[in-house]
Every structure is written in structure tokens, then in C-alpha cells.
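Peer 1: Dumping the structure here so I can ask a few things about it.
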Amino acid sequence: MRTLVNKKRADSKTSGSSDLRHAHLAKVLCILAAVVIWLYVMNVENPDYEQTIESVPVTIVNAEEIELDNSLTIYSGYDVKVNVTVQGRKNLVSKITADDIKLTADVSGIKEAGTYTLNIKADIPDGVKLVSMSNDTITVFIDKKESIQVDLGYEFTNFILESGSGFSLGEPVISVDTVTVTGPSRYLADISRAVVKISVLERVSSSMTVYCDITLVDSDGDTVTNPYVSKNPSTAKVEIPVYAEKDVPLTVDYKYGYFNEDNVDVKISPETIKVKGDASVITALDSIVIMTINEKKVTKDVDVSTVTLSMPEGVENVDNVQSATVTISQVGTSTRTMSLTIDEDDIVNPNGVDYELLSDTVNVTFRGKAPDLYALSPINVKATIDLSSYSSTFTGVVTVPLEISIRSSGIVYEVGEYNVQVNIY
């Protein structure tokens, strides 16, 4: 019985060992299968692969060396891009971008100005080899940088003045007189001057301001275009004055408004003058006031005065007439003199000064149409003396203006100026 049990145990042990061996064998087979698959993928499914990376930039190196040591400047070669074809396993090559490839051209060792052809050196990722480049050299232009000053002028290429009203063109004013031109010394000798070319499409009838590009020209007047040459400034402000001429009437104003076409005839000689100025000013100018007439000071039936002409700001007297004659003729009016008595109520005395009128009557002349004049009485006229500017500390005889106010249904006003002497004590 014991022997049978032991035999069963032995058989069980043998079976377990066999199962363990089978498990190890399965693992080994899986590993071998994986290796086989990997080798298949790497050698069959992932063969050598070519790819072209486009527009890889070329960097110029050691530019600072030649700029510092030889005062040279590199003018061209900075924007070169090259297509690069590389080869390698597909899983590597397919991931490469332009940022992974470094292309350089070395300018060290260049000592003189000139045009040079430089080899392009390629630095590519490990595991990948360079097949070809669309260009394996670049050309650079190197020269000394200099600056010159050239005068700035102007040209009209398209500019038509409005017809009529005596329009004329003034001298344009440019915001700068000279332009600084910088570039290779060999090309600066071709530049003679700079110009702004003024072009305005619509007809011009007033002064204007335009902003123009600055163009470099040679001694023959031909435009100089060179990518290596720069200018400062590159634009300029141009003020273009446009003038107009016309005959403008001379006229007068009235201080109080007593004169009108019914009661005076005003003649000015000359009646008009020719003036010139900014078109916007002259176009808006309808007349020129040469004087303001104080009606109260016109004491004669016919008054003639000579007025020195003064032009408004920005207006030129083309005729160069220095003066004008103004003749004022009274029409349909006459004068009447009336004696006025000054009462205590007619004195303005806020400071309470002690005073004495040296005369309490004054003769005042009035002008107006006859019916209005003879309807006037002292009741309609008030004569006022103002002593506000005097204090009790002041003493002496002073002459004080007489202020006259009139109540009338027509146009009636005093002619002349009137004063009263007052003794302040």
C-alpha cells in the first residue's frame, strides 16, 4: 500500500518537471520569434530610405572676424536656402526636418573686398548620410561700408493746377535738405543726388502736404537701384504752396452802425486791389476792410481821409498800392446843436468825493434826419459824468468825458467828443 502511494508521488513530480520545461521552451520560442520579426521589419519593412528636406538655410559663420579685423561688410549670401537629400533607415529619415540639418559657409580668412564662392558644409544627424544638395556653394559679396551725404531736391511727375482764379505754384519745402546714403564704397560713386518725385492725381486748387519716397539718381538723372545701398531718411514730407490771385474790393466798417446806404455815400479809391496768397485764403477772401469809421467823429458833410493799407495775414498786395482815399458824404441828414444842463442826478460818484462843476451846461451837436432832429428835446437826452476813478484823497481840476445817451425813434447821434471840467477838493 505504501509502495503504491510513493509511486503516485513520483509520477506527479515527473509530470511537473515536464510542464516547467515546456513553459521555458515556449518563452524561448517567443523571444526567437520576436527577434525574427524585428530583423524582418528592420531589413525588409524598414530599408534604406531617401528624403529631400527643402529650404534648409545656410548660415554664414565668422562674419564678425572680417568685420572687426578688416572693416569689411558682407552684403549678400545671408538669405540662401538649399534643398538637402539624405539617406538612412526610414524610421530615422522620416523624422528629419530643416531644423535638424546645419548648413554653414565660413568667411574667415577673407581679407579684401570682392565676390567669393564658398563651400557649404553640412552637419546632419547620426545614422543618416548626405546624398546631395541642390547647391554646394554660395556666392557672397563683401566690401567696405561707407556713408555719404547727398542733396535732396524734388521733381513733379504728375501735378496739374486747377484752371482759373490765377492759381500758381510756389516753391515746395522739403522736411530735410540732405540724405545719408550708406553702402559699398564702389557703388556710392554712382550716386549724384536724391529727389522726391511728387505725383498728385487730382487737380490741385489749394496748398497741400504730401509724403514722398526718396529716390537716388546718378549724374544723368537715371534712378539708382542697388540692393546693397540704403538711405536715411527714406521718405520726406513735402509742403507744396499753391497761390491764387484776384481783385478784391476795399471796404469799411462802422463803429456804432449809424451809417447806412440811406444816410451816407462812401467812396474808396482805388475800389479794388489785386492780392495774392495761399489759395485757400484768397478763395475765401471777399473783401478787405481798410478802416472802421467812428461816425461820431465825422463832423463834416463831406469828409475825406487817407488810409494806409494793411493786408490781412498771409495776403500780399500785388498792386503795391500803399494807401486809399476814403470820401464820406452825408446824404439827407443835417445837424442841430442843443444846450444841455447837467444835474446832480447826472453825476456818478460812488466814492463820495467832494466836487464842483466849473460849468453845468454844455452845447452838443446832433446829426440825423431833420424830422428826427427837431423832435429831439433835452428830455430825450441824458448827459452823464462818471467820477468812479477818483477817491477822496485826490484834489484838483480834472477834465471828465461826458457820456451822452439818446432816446429817439430814428437814427440820431452826437457829433464830436464832449468833456466837462470838475474841481475835486
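Peer 1: For Val56, what residues show an amide H to amide H distance below 5 Å, using hydrogens built from the backbone and excluding near sequence neighbours?
Peer 2: Excluding prolines and chain starts, which carry no amide H, the hits are Val82, Asn83, Val84.
Peer 1: If you don't mind, another one. Can you work out the FRET efficiency for the pair Lys296 and Tyr374, with r the C-beta to C-beta distance and R0 = 25 Å, to the nearest 0.05?
Peer 2: Approximately 0.80, to the nearest 0.05.
Peer 1: GNM, the chain, Cα, under 10 Å: largest mean-square fluctuation among Val252, Val415, Val397?
Peer 2: Fluctuation is largest for Val397.
Peer 1: For a 28 Å ceiling on Cα separation, which of these pairs sit above it: Lys81/Lys144; Lys267/Lys369; Lys255/Lys369; Lys274/Lys296?
Peer 2: Lys274/Lys296
Peer 1: Using a Förster radius of 25 Å, what is the FRET efficiency between Val131 and Lys81 based on their Cβ-Cβ separation? Nearest 0.05, please.
Peer 2: 0.90
Peer 1: Here's a follow-up. Based on DSSP H runs of at least 4 residues, each adding -39500 (n - 2.57), what is the mean residue ellipticity at 222 nm of the chain after dividing by all its residues, to the nearest 500 deg cm²/dmol?
Peer 2: That comes out to -4500 deg cm²/dmol.
Peer 1: Also: Could you give the nm distance between label points at Tyr418 and Thr178, where each point is 7 Å from its Cα heading toward the beta carbon?
Peer 2: 7.4 nm
Peer 1: Roughly speaking, what is the stretch gain from Arg336 to Ser310, that is 0.36 nm per residue apart minus the C-alpha to C-alpha distance, in nm to one decimal?
Peer 2: Gain on extension, Arg336 to Ser310, equals 5.7 nm.
Peer 1: Heavy-atom accessible area per residue, the chain, 1.4 Å probe: how many Å²?
Peer 2: 60 Å²
Peer 1: Give me the distance in nm between label points sitting 7 Å out from Cα along the Cα-to-Cβ direction at Asp106 and Leu357, one decimal.
Peer 2: According to this spin-label approximation, the distance is 11.6 nm.
Peer 1: Across the stretch 175-185, in residue order, what do the Karplus-derived ³J(HN,Hα) couplings come to in whole Hz, using 6.51 cos²θ - 1.76 cosθ + 1.60 with θ = phi - 60° and x for Gly and Pro?
Peer 2: 5, 10, 9, 10, 10, 8, 10, 10, x, x, 4
Peer 1: What is the percent carbon and sulfur in the accessible area of the stretch 155-212, measuring with a 1.4 Å probe over the protein chains and ignoring ligands?
Peer 2: Answer for the stretch 155-212: carbon and sulfur cover 46 percent of the accessible area.
Peer 1: What are the ³J(HN,Hα) couplings of the stretch 59-66, residue after residue, when phi is run through the Karplus curve with 6.51, -1.76, 1.60 and θ = phi - 60°? Round to Hz, x for glycine and proline.
Peer 2: 9, 8, 10, 6, 5, 4, 4, 6
Peer 1: Can you pull the percent of the stretch 251-345's accessible area that's carbon plus sulfur, 1.4 Å probe, other chains left in place?
Peer 2: C and S atoms contribute 42 percent here.
The values are calculated or read from the model by the stated rules, or taken from the named source; none is laboratory data. These numbers come from a predicted model, not from an experiment. We place every Cβ from the backbone using ideal geometry, glycine too, and count neighbours over all the protein chains shown. Just so you know, the surface numbers come from the protein's heavy atoms only, side chains and all, with ligands and any DNA or RNA stripped out. Shrake-Rupley method; radii C 1.70, N 1.55, O 1.52, S 1.80 Å.
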